[in-house]
Structure formats: C-alpha cells, structure tokens
1. Cα gyration tensor of the range A:60-142, axes a ≥ b ≥ c as square roots of the eigenvalues: rounded (a/c below 1.5), prolate (a/b > b/c) or oblate?
2. Give me B:ARG153, B:ARG72 sorted ascending by neighbouring Cβ count inside 10 Å, so fewest comes first.
3. Would you order B:THR95, A:THR133, B:THR50 from fewest to most other beta-carbon atoms within 10 Å of each residue's own beta-carbon?
4. If you plug each phi of the range B:68-75 into the Karplus form 6.51 cos²θ - 1.76 cosθ + 1.60 with θ = phi - 60°, what whole-Hz ³J(HN,Hα) values come out, in order, with x for Gly and Pro?
5. Charges only on Cβ, +1 for Lys and Arg, -1 for Asp and Glu: so what's the dipole of the range A:103-190 about the Cα centre, in debye to the nearest 20?
6. Can you give the mean number of other chain Cβ atoms that lie within 10 Å of the Cβ atoms in peptide B:171-183?
7. Using only C-alpha atoms and all pairs of different ones, pull out the Kirkwood radius for the range A:85-190 in Å with one decimal.
8. Residue by residue through the range B:86-100, what is 3J(HN,Hα) from phi via Karplus (6.51 cos²θ - 1.76 cosθ + 1.60, θ = phi - 60°)? Round to whole Hz and write x for glycine and proline.
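Nothing in this text is a laboratory measurement; each read-out follows from the coordinates by a stated rule. In this text the structure is predicted, and so the values were computed from the model without any measurement. A quick note on method: Cβ atoms are made from the backbone with ideal geometry, for glycine too, and the neighbour counts reach across all protein chains shown.
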Amino acid sequence: MAIILLAVSACLINNVVLNQFLGICSFLGVSKKSDTAVGMGGALTFVLTLASLVCGILYKFLLQPFGLDYLKTIVFILVVAALVQFVEMFLKKFAKSLYDALGIYLPLITTNCAVLGVALINVQKNYDILTGTIYGFATAMGYMIAIIILAYIREKMVYNDVPKSFRGFPIVMVTSALMSIAFFGFSALK
Amino acid sequence: MKLKKDSVIERIWNGIFVENPVFVLVLGTCPTLATTTSAINAIGMGLSTTVILALANLIISALRKVIPDRMRMPAYIVVIASFVTMVDFLMAGFTPALYASLGIYIPLIVVNCIIMGRAEAYAGKMPMIPSFFDGLGMGIGFTIAIFFIASIREIVGAGTWFGMSIMPAGYVPVNIFVLAPGAFLVYAFLVAVMNKLKIGAGRRPKSEWDPTVKVCGECFSCMKIGMCDKKPEECEETPAQTIAKTKGTVAEAIAKPAEAAKTEEGKEA
C-alpha cells in the first residue's frame with residue numbers, strides 16, 4: 001500500500017517536471033509533436049527505471065560497504081552515461097524494433113537531470129532497491145504524462161493567435177504554468 | 001564599447017550581458033526555475049554554480065592538451081562532478097540551512113548545461129586565464145539573472161525580500177508566485193518582455209536560442225552535451241531534427257497530406 005501511495009505521489013502529486021523542475025530541457029525541446037513526445041517518454045521510462053535499479057545496487061553493495069558514500073555524484077553520473085551507451089548498443093543489436101522506436105532519444109537522456117535526480121533522491125530518502133526502482137518508474141510515468149499533454153496542447157496551439165512577443169518559448173512556459181496549476185489538484189489525493 | 005577579445009574584462013562582460021546564460025542563451029533552465037523561490041536561495045545557488053564553473057573551466061583548460069579528444073566528455077564530467085562534490089560538502093558543513101533548502105539541486109549542478117556548455121565551447125580550447133574568467137563571468141551572469149527572478153517571485157509571492165517584510169501592511173501575498181507555477185510564469189513574462197523590447201533573448205534570432213524550437217543545434221546549447229562525441233564544428237543534424245524536417249509542422253501536414261503520403265510511399269518503395 002505504501003508503495004502504491006509512493007508511486008501515485010511521484011507520478012502525479014510531485015510531478016517531476018511540473019513540480020520539481022527536473023528534465024525541463026527535454027520537456028521543452030522534444031514536446032513539439034505528440035509522436036516524438038511519446039518516444040522520448042518511452043525512452044526515459046526505460047532508462048530511468050534501469051538507472052535507478054543499477055544505481056541502487058551499486059550504492060548498496062559497492063559504495064556503502066566500502067565507505068565511499070562521498071563518491072556517489074561522480075559514480076552515478078558516469079553510470080548513467082555508460083548505461084545509456086550500453087542500452088543503445090544492446091538495443092541496436094538485439095531488439096531492432098525497440099531501437100527504431102526509442103533509439104534516437106537515448107542520447108538525449110544522459111544529461112536529463114531527472115535520471116541523476118531520481119538516483120540521488122533514492123539515496124537521500126533511504127529507499128531500498130525495489131522501492132527505488134518503483135519510484136524511478138513512477139517518476140518516468142509522471143514525466144511521460146506531462147510531456148504528452150504538453151505535446152498535444154502545442155499541436156493545437158499552432159492554430160492560435162498568440163501575441164508576437166509570446167511566440168515560442170514564453171507561451172510554452174505559460175502553458176506549463178497552467179498545467180502545473182492543474183496538477184496541484186492532485187495534491188488532494190494525499 | 002569595444003573590448004579586446006578574450007581579455008579578462010571582455011570575458012566577464014560577455015558572461016553578464018552579451019551571452020547571459022539565463023536570458024540570452026536560455027541554458028540551465030532547471031536551477032533557474034527550481035531555486036528561485038527566495039532571493040537567498042538564488043544567491044546561494046548562483047554563487048555555488050559560479051565557483052564550480054570558474055574552477056572547472058580552469059582545470060579543464062589546464063588539461064586540454066592531455067585529454068584525448070575521444071575521452072573529452074567523460075573527463076569533463078569527472079572534473080565537474082569532483083568540484084560539485086566538494087561544494088556539496090562545504091555547503092553541508094558551513095551553511096546547513098541553505099543546504100537543506102537547496103537540497104537535491106546542489107548535486108544536480110553536475111548536469112547543468114551551462115557548465116558542460118562552457119567546457120565544450122570555451123575552456124576546452126582556450127588558455128587558462130581567459131577560461132577562468134569566462135567561467136567567472138558566466139557564473140556572475142547566472143547569479144544576477146536568477147537573483148532577479150527570485151526577487152520578483154519573493155516580493156510578489158511572499159511580500160518579503162531576503163526574509164524582511166518590505167511590502168505595505170495591507171499587501172496580500174500572491175502565493176502562487178512562490179509555488180511551482182510562479183516560476184514558469186515569471187520566466188515566461190520576462191522573456192516576453194525582452195522579445196518586445198528586443199533586448200536579451202529577444203535580440204537574437206529565434207532559431208538560434210529558443211529551446212522549444214530545436215533539439216540539438218549549435219553544440220553548446222544542446223541537450224546532447226555530455227554524450228556527443230563530436231566537436232561542435234563537426235556537428236550534424238540529429239535524427240530527431242531530421243524527423244522534424246521530413247514531417248514538417250502540423251499545419252503543413254494538413255495543408256498537403258497528399259504530397260506527404262506520396263513521399264512516404266516513395267521511401268517505402
């Protein structure tokens with residue numbers, strides 16, 4: 001029950017983009033069309049779940065027993081970078097159809113702060129490996145929901161008569177603000 | 001004003017005005033939005049980023065002839081992450097209150113695009129002194145910009161500035177400005193004002209800086225920073241850009257669906 005609550009909270013109440021501002025760059029950059037948004041969301045779900053699992057295992061069995069806690073930032077960022085490369089190569093070789101769907105978004109994920117952020121939050125909040133992985137998956141779901149909604153709104157926004165100085169970046173930010181306000185409604189779920 | 005290129009003053013001036021990371025390059029959006037809930041948070045975040053930026057630039061520039069080209073990105077990441085870890089511990093030790101309120105965003109300086117971007121665009125190929133001051137200037141520019149945003153948010157949203165009450169007694173704080181949506185709104189309106197007045201971000205052609213328009217372009221305002229194994233000058237179009245190009249915008253797709261269908265059939269054949 002606690003895990004379900006945690007997942008709902010990570011996914012909707014504390015939405016990773018709209019409430020914690022992690023992964024804003026790709027949220028703004030890849031949300032122009034709904035199909036690319038779905039691809040990016042899928043790729044992030046894949047990497048984020050895997051990364052929180054791998055980082056959790058490394059932290060538990062390597063960093064903690066040897067008292068190397070202080071290396072966590074360096075280790076995690078390198079692990080994420082290596083993992084993304086590895087997943088890309090693996091998919092290319094063994095799962096061609098999945099690679100075709102997600103492949104092009106994988107390189108965009110390394111410096112997505114959501115991935116490193118979740119790995120660090122897992123450590124900070126002392127989640128065990130299973131809880132951490134579920135938290136990572138739920139966070140990625142939250143990201144996916146947010147980016148897909150934004151992509152659909154932006155597809156419709158093409159037809160709107162936006163004031164000249166608001167075109168592009170500002171209107172997307174205003175849209176995100178309104179979405180963020182809407183997501184506040186979920187805090188009643190607590 | 002005409003300044004000598006790559007001199008100390010020119011670099012600092014460049015960071016604060018010409019290429020301000022927040023208002024002109026629109027880099028590092030995450031900390032800009034997340035840590036501007038109060039002026040003191042913004043100053044803390046800005047200063048720690050400045051220190052890391054300047055020192056990382058200095059070390060990367062010193063090592064630029066030792067680091068092999070292919071191992072550039074991992075090497076930069078390790079240098080930056082080391083400085084971030086140091087700052088993390090220093091802040092935890094000496095400013096515990098600030099550290100608690102910035103929380104996760106201190107270690108996340110590692111993935112701040114500004115730092116990777118400066119390493120790639122400047123420190124990787126310039127001598128140490130200009131690189132150091134380039135980092136310093138960029139950091140100061142970042143600090144000033146987020147301090148400005150944070151001041152607006154704190155004054156409107158809480159009626160205080162640095163924790164002191166400065167608004168008249170009858171003022172009812174607009175709470176939403178210190179909450180998440182306020183960050184988006186303030187940033188949006190500031191960029192819109194700059195577009196109107198043709199200053200800051202509005203001075204540059206939109207295709208050059210707008211993060212909502214392109215996925216990866218000129219390398220140092222690109223999300224692939226940290227992964228890309230190419231030099232900026234060899235940068236090609238990314239697959240995502242190619243997709244965007246072939247499929248065009250929604251409006252175009254509706255205007256000529258027949259043509260699009262034809263070309264797609266042709267490709268399959």
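1. Prolate is the answer for the range A:60-142, as a/c is 1.5 or above and a/b outweighs b/c.
2. Numbers: B:ARG153 26, B:ARG72 19.
With the sparsest Cβ surroundings first, the list reads B:ARG72, B:ARG153.
3. Numbers: B:THR95 14, A:THR133 23, B:THR50 20.
Ranked by crowding around the Cβ, least crowded first: B:THR95, B:THR50, A:THR133.
4. Along the range B:68-75, the couplings run x, 4, 6, 9, 4, 4, x, 4 Hz.
5. On the way: 6 positive and 3 negative charges, 40 e Å.
Charge dipole of the range A:103-190: 200 debye, to the nearest 20.
6. Details: counts 0, 0, 0, 0, 0, 4, 0, 0, 4, 13, 12, 3, 6.
Neighbouring Cβ atoms belonging to other protein chains average 3 per residue here.
7. Details: mean 1/r = 0.0594 Å⁻¹.
Radius from the Kirkwood sum: 16.8 Å.
8. Rounded to whole hertz, the list is 4, 4, 3, 5, 4, 5, 4, x, 9, 10, x, 5, 5, 4, 5.
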